Protein chains: 2
Amino acid sequence: MECKNVPIINKTKYAILGILTLMPCSGYDIKKFCDKGISCFWNENIGHIYPVLKQMENEELVTKRTEQSEGNPPKNVYTITQKGKEELEKWMKLPIEHSPERLELLLKMFFAKSVSVQYIIKELENEKNRCLKTLEESLKAEEELSNNERARNDLGYPYWLATIKYGIENSRFKIKWCDETLANISNYKKGE
Amino acid sequence: MECKNVPIINKTKYAILGILTLMPCSGYDIKKFCDKGISCFWNENIGHIYPVLKQMENEELVTKRTEQSEGNPPKNVYTITQKGKEELEKWMKLPIEHSPERLELLLKMFFAKSVSVQYIIKELENEKNRCLKTLEESLKAEEELSNNERARNDLGYPYWLATIKYGIENSRFKIKWCDETLANISNYKKGE
DNA sequence: GTATCCATGTAACCAGTTACATGATTGC
DNA sequence: GCAATCATGTAACTGGTTACATGGATAC
């Protein structure tokens, strides 16, 4: 059987291009930015970023330069090119592709009657706590952004704020749903 | 380079096992059930279902029998085995694995300042309309379920209802967010 | 002395998608 | 006549994850 080495493409590429419009970055920087700045709606895998960056260099969407600094290992810093900016813009104008929804919690809920209710309650409580944590983080991010003079004057401000607001309301809706579902399940148990 | 044929596993397997606890199904039936019953939180690919079913047969999680019926092509109907039920239960008791969030709409919002606002407005309107449609569908599903005598008496009822309610509230939150974001963006534009 | 952060990179693997092949039947 | 539905299946591909290798610096 043949096994070709095919080019690596898509979403990761555009996420990287977008981040590079904000500032030149190393692969490691990109990963950090994802984890700290946009992880509530976007995630990248470090093992995927490096090969994609290499390919993007071949496609001339980015340029690489090596930066030396005392104490730290050398860094490969990537800068977006004009061609890269055009590629990003082209993608931005394309309609969104919705990847098929797959919510494991909901799948388990759907088949929940096959196990004791305690497992479901545990899952719902876990999910609620997870959402409470992200809600707190999102609220902090909102405060930080709206207190940042430079950010407030940036053209991107209303968009950045919108992404944070999404995170906040998303968490709130999920917390409410967990509470209501926990209440319903308990009621149902009593009624049996 | 070597290219091994590795066994196909995971989430799809458990979704199929769960569906087979409801009734024996062919691959095609499973796909239809996903599309019509649980697509708002779970999706399967028909090209993936067949090989996974074959592998599950090898693992003795399901048994196959061929059903002939006039007019239609023959059907391979799969039934869950005791071993399959145990495998499902084992998974049900395991904590949920959250797959990394990747919301393309939010990613585009984050980099939106690099294109004209009209493209973003278009996307937000599309998203809103999509959510309005799924909201309508979810409300219909809720009504149907609560009017179904047999479903109401099933142990699964509160869980099924919870999944639908999730769909409803999820759509509502997204619609609200789209509206608010559209309003904010317009305000910002006027303020410029 | 141990863990974490900094930093890059590759190979193997995995799960899922797309496209294709096949072919009968039903509805417009 | 054409599209859609019923029905099964495979091969090639894609995109992403995990595990590993390397190694210095810093923090507890």
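The values are calculated or read from the model by the stated rules, or taken from the named source; none is laboratory data. Here the structure is a predicted model, which means the values were calculated and not measured. Cβ atoms come from the backbone with ideal geometry, glycine included; neighbour counts cover every protein chain shown.
Just a few scattered comments:
- Some residue of the stretch A:106-115 being closer than 23 Å to A:G18 by Cα, within 11 Å of another protein chain (Cβ to nearest Cβ) and in a loop (DSSP other than H, G, I, E, B): no
- With respect to (1) farther than 23 Å from B:Q118 by Cα; (2) touching a Ser or Thr at 6+ places or on another chain (Cβ under 8 Å), the lone exception for A:K165 is condition (1).
- If you check B:K11, B:K36 for being free of Cβ contacts under 8 Å to residues at least 60 places away in the same chain, within 14 Å of DNA strand C (Cβ to nearest atom), under 30 Å from B:K174 (Cα atoms) and within 14 Å of chain A (Cβ to nearest Cβ), only one passes: B:K11.
- B:E127 being crowded, with 16+ Cβ neighbours inside 10 Å, at pLDDT 95 or above and in a helix (DSSP H, G or I): yes
- Residue check for B:C3: hydrophobic (A, V, I, L, M, F, W, C), under 22 Å from B:Y166 (Cα atoms) and either at pLDDT 95 or above or within 16 Å of DNA strand C (Cβ to nearest atom) (or both): no
- Within the stretch B:39-49, being under 23 Å from B:L155 (Cα atoms) and either more than 14 Å from DNA strand C (Cβ to nearest atom) or more than 9 Å from chain A (Cβ to nearest Cβ) (or both) holds for one residue alone: B:C40.
- Condition broken by A:A183, with the remaining ones in (1) facing another protein chain (nearest Cβ under 10 Å); (2) over 27 Å from A:F33 (Cβ atoms); (3) modelled with pLDDT of 95 or more satisfied: (1)
- Within the stretch A:41-90, the residues that satisfy the criterion of being aromatic (F, W, Y) and within 13 Å of DNA strand D (Cβ to nearest atom) are A:W42, A:Y50.
- Test: residue in the stretch B:74-82 that is farther than 18 Å from B:L20 by Cβ, within 14 Å of chain A (Cβ to nearest Cβ) and out of contact with any Cys (no Cβ under 9 Å at 6 or more places or on another chain): no
- Of the residues making up the stretch A:50-71, those that are within 10 Å of DNA strand C (Cβ to nearest atom) and buried (at least 17 other Cβ atoms within 10 Å of the Cβ) number 2.
- Of everything listed in (1) in contact with a Gly (Cβ under 8 Å, 6 or more places away or on another chain); (2) within 12 Å of DNA strand D (Cβ to nearest atom); (3) within 11 Å of chain B (Cβ to nearest Cβ); (4) not polar (S, T, N, Q), the single unmet condition for A:E97 is (1).
- Among the residues of the stretch A:151-182, those identified as part of a helix (DSSP H, G or I), small (G, A, S) and without any contact (Cβ under 8 Å) to a residue 12 or more places away in the chain are A:A151, A:A162.
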